[in-house]
Amino acid sequence: MSEFNCRTEILPPDAAGVARAAALLRAGDLVALPTETVYGLAGDARNAQAVATIYAAKGRPALNPLIVHVADLAAAEQLADLPPAALRVAHAFWPGPLTLVAPLRTGHGLAPAVTAGLATVALRVPEHALARAVLNAFGGPVAAPSANPSGRISPTSAAHVLAGLSGRIAAVLDGGACPVGVESTILGFENGTPVLLRAGGVSPEALAEVLGAAPIAAGGGKVTAPGQLPSHYAPRARMRLNAQAPAAGEIWIGFGPDCAGAELTLSATGDLDEAAARLFAVLHDADALGRAIAVAPVPERGLGVAINDRLRRAAAPR
Ligand code: TXA
Ligand code: MG
């Protein structure tokens, strides 16, 4: 879009970079921040103009609400009424890769566009030291979707952010690679019962341990994550899943020691945490080669659940 034509600053991962990021947020500008999951495109969640610019910079549909990032549980409780099950998982997993959707509190002060007009808000307390430092320096709620053009592969490095959004945002705080690598797990609550809206960085097994049972799957009820479109995280190339071997011309992304011949691998040893951390970088690399992509099977447990969710969306027809 032609209204975007700025020089995107690359901020260093130190006190000066954090101070500059907070000052830009205060001025209503957008800054891409590293979190433990993926880079987020951050703006002041109380500033309607800043929030409008997030949607515009990403080309994000206005009906797809944003996640609000706060420094701690106390800040989250000023924005939403968290049911008991939400408080249990918040105590167990915050700060960390978990997002909770709960009813907005009166006087929340968020720009209405953050929640796309919904009566609920998605809240997360990130664990990444730089994200925490910026939240503390800024001192307020920060809306931050993943820092990629809408529908494209999520960014796990400052270079990924710049490839998609350079010239459209004020700055990126360069914190290196994101350690978890897949987005946060999103939990909603229906009559107090946890509903899994998106698989992510907290595994279903870890949630079940705290909740006593795995969260029920979204779909049947009225709680939905509007952003969960089938075609998402899409590389430009065609993608084929559960590929035991590449077909002619395909680039093969392996997983585990049985895929020794693969050009790229999510994890040579078959480590699911490593595979999650590498997933989007490997997809970015594969996409840059401009050939069709075949991906080896990934087990459906631990972070494999989130990995397979992203792979299915990346491979979905569009
Ligand atoms: O790890 C993450 O969650 C990253 C980092 C930056 O924090 N953020 C992220 O944001 O993945 P985004 O915008 O790419 O995904 C946000 C998801 C969307 O699927 C959206 O529909 C859902 O959260 N969401 C936001 N508010 C919601 C609400 N009130 N009810 C249901 N779903 C909501
Ligand atoms: Mg996203």
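In the range 48-60, which residues are surrounded by fewer than 20 Cβ atoms within 10 Å (Cβ to Cβ) and away from ligand 2 (no atom under 13 Å from the Cβ)?
Correct list: Ala48, Gln49, Ala52, Ala56.
Could you list all residues from the range 61-78 that are touching a residue at least 40 places away in the same chain (Cβ under 8 Å) and surrounded by fewer than 21 Cβ atoms within 10 Å (Cβ to Cβ)? Before you say what the answer is, go through the steps one by one.
Within the range 61-78, the first condition is being touching a residue at least 40 places away in the same chain (Cβ under 8 Å), and the residues that meet it are 61-73, 75-76.
If the condition is that a residue be touching a residue at least 40 places away in the same chain (Cβ under 8 Å) and surrounded by fewer than 21 Cβ atoms within 10 Å (Cβ to Cβ), then Pro61, Ala62, Leu63, Asn64, Asp72, Leu73, Ala75 are the ones that fit.
If you go through the range 302-318, how many residues are assigned to a helix (DSSP H, G or I), within 15 Å of Thr185 (Cβ to Cβ) and not hydrophobic (A, V, I, L, M, F, W, C)? Spell out the reasoning first.
Of the range 302-318, the ones assigned to a helix (DSSP H, G or I) are 304-315.
Narrowing the set further to residues that are within 15 Å of Thr185 (Cβ to Cβ) leaves 304-310.
After this cut, where a residue has to be not hydrophobic (A, V, I, L, M, F, W, C) as well, the list is 304, 308-310.
Number satisfying all stated conditions: 4.
Among (1) within 12 Å of ligand 1 (Cβ to nearest atom); (2) surrounded by fewer than 22 Cβ atoms within 10 Å (Cβ to Cβ), where does Thr193 come up short?
(1)
For the range 284-307, give me each residue that is closer than 17 Å to Arg152 by Cα and free of Cβ contacts under 8 Å to residues at least 12 places away in the same chain.
Ala288
Taking the criterion of being β-branched (Val, Ile, Thr), part of a loop (DSSP other than H, G, I, E, B), within 12 Å of ligand 1 (Cβ to nearest atom) and closer than 12 Å to Arg124 by Cβ, would at least one residue in the range 91-99 satisfy it? Give the derivation first.
Filtering the range 91-99 down to residues β-branched (Val, Ile, Thr) leaves 99.
From the residues that got through so far, the ones that are part of a loop (DSSP other than H, G, I, E, B) too are none.
No, the range 91-99 has no match at all.
Return the pair list, or none, for Cβ contacts closer than 6 Å from residues in the range 146-173 that are in contact (Cβ under 8 Å) with a residue 60 or more places away in the chain and under 23 Å from Pro97 (Cα atoms) to residues that are in a strand (DSSP E or B) and within 11 Å of ligand 1 (Cβ to nearest atom), at least 6 apart or on different chains.
Ala147/Ala32; Ala147/Gly40; Ala147/Leu41; Ser154/Ser146; Val161/Ala32; Val172/Ala32; Leu173/Leu33
Is the range 34-45 home to any residue that is within 13 Å of Ala143 (Cα to Cα) and exposed (fewer than 15 other Cβ atoms within 10 Å of the Cβ)?
Among the residues of the range 34-45, not one is within 13 Å of Ala143 (Cα to Cα) and exposed (fewer than 15 other Cβ atoms within 10 Å of the Cβ), which makes the answer no.
Quick check on this structure: which one of Gly17, Gly40, Gly28 is in contact with a strand residue (DSSP E or B) (Cβ under 9 Å, 6 or more places away or on another chain) and either within 15 Å of ligand 1 (Cβ to nearest atom) or under 20 Å from Val182 (Cα atoms) (or both)?
Details: Gly17 fails: either within 15 Å of ligand 1 (Cβ to nearest atom) or under 20 Å from Val182 (Cα atoms) (or both); Gly28 fails: either within 15 Å of ligand 1 (Cβ to nearest atom) or under 20 Å from Val182 (Cα atoms) (or both).
Answer to the selection: Gly40.
Taking Arg132 as the residue in question, decide whether it is surrounded by fewer than 22 Cβ atoms within 10 Å (Cβ to Cβ) and not in a loop (DSSP other than H, G, I, E, B). Break it down stepwise before answering.
Values: surrounded by fewer than 22 Cβ atoms within 10 Å (Cβ to Cβ): yes; not in a loop (DSSP other than H, G, I, E, B): yes.
Taking the combined requirement at face value, the residue satisfies it.
Checking the conditions here, which among Arg46, Arg132, Arg124, Arg60 is assigned by TED's automatic domain parsing to the domain that holds Val172 and more than 13 Å from ligand 1 (Cβ to nearest atom)? So that I can check it myself, show each step before the final result.
Numbers: Arg132 fails: more than 13 Å from ligand 1 (Cβ to nearest atom); Arg124 fails: more than 13 Å from ligand 1 (Cβ to nearest atom); Arg60 fails: more than 13 Å from ligand 1 (Cβ to nearest atom).
Exactly one residue qualifies, and that residue is Arg46.
Are any of the residues in the range 69-76 within 19 Å of Val161 (Cβ to Cβ), within 16 Å of ligand 2 (Cβ to nearest atom) and not in a helix (DSSP H, G or I)?
Filtering the range 69-76 down to residues within 19 Å of Val161 (Cβ to Cβ) leaves 69.
Filter once more, keeping what is within 16 Å of ligand 2 (Cβ to nearest atom): 69.
Narrowing further to those that are not in a helix (DSSP H, G or I): 69.
There is at least one residue in the range 69-76 that is within 19 Å of Val161 (Cβ to Cβ), within 16 Å of ligand 2 (Cβ to nearest atom) and not in a helix (DSSP H, G or I).
Does Val125 satisfy being away from ligand 2 (no atom under 16 Å from the Cβ) and in contact (Cβ under 8 Å) with a residue 40 or more places away in the chain? Reasoning before the result, please.
Working: away from ligand 2 (no atom under 16 Å from the Cβ): yes; in contact (Cβ under 8 Å) with a residue 40 or more places away in the chain: yes.
So Val125 fits the description; yes.
The values are calculated or read from the model by the stated rules, or taken from the named source; none is laboratory data. For clarity, every value in this text was computed on a predicted model and none was experimentally measured. Please note: Cβ atoms are built from the backbone with ideal geometry, for glycine as well, and neighbour counts cover all protein chains shown.
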